[in-house]
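First the structure, which I've put down as structure tokens, then a few questions once you've had a look.
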Amino acid sequence: MARRTGTAIAVVAAVFALFAVVFAVTGEAPAAMVFPAGSIEPGALPEDVSILRWGRGFAVVTSERSDYVRALYGKGALLVLPLRKSGCLALRPASSI
């Protein structure tokens, strides 16, 4: 049982790491959920990054910059994941109705 649990945790961690790496390279998402290493202050965010939501232990941000995800890592983010209206795994673009 412990081995299966450990394997499941490793698979989930690998999936999140893959999302983070792909997002850091492409930076293509309407917004990003940022998990800081320690504490991060709104004033410490990179230039041209707008805060959409500030929560306890995370922030949802967006930017027009193509390199804002790498800039967030440079400012001390532990993990930056893509955030979309239809979920982070959505493959279709949001409709513009």
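The values are calculated or read from the model by the stated rules, or taken from the named source; none is laboratory data. Model, not experiment: these values are computed from the prediction. Glycine also receives a Cβ, built like all others from the backbone with ideal geometry; neighbour counts cover every protein chain displayed. Just so you know, the surface numbers come from the protein's heavy atoms only, side chains and all, with ligands and any DNA or RNA stripped out. Shrake-Rupley method; radii C 1.70, N 1.55, O 1.52, S 1.80 Å.
Output the number of residues of region 23-50 satisfying the condition of being modelled with pLDDT under 75 and of a type outside the set (Gly, Ala, Ser).
Within region 23-50, residues that are modelled with pLDDT under 75 and of a type outside the set (Gly, Ala, Ser) number 5.
Here's another thing I want to ask about it. Which residues, counting only those in region 34-57, are open to solvent by less than 70 Å² (accessible area, probe 1.4 Å), over 17 Å from ALA24 (Cβ atoms) and not in a loop (DSSP other than H, G, I, E, B)?
PRO42, ALA44, SER50, GLY55
Among the candidates VAL69, VAL11, which residue alone is in contact with a strand residue (DSSP E or B) (Cβ under 9 Å, 6 or more places away or on another chain) and in a helix (DSSP H, G or I)?
VAL69
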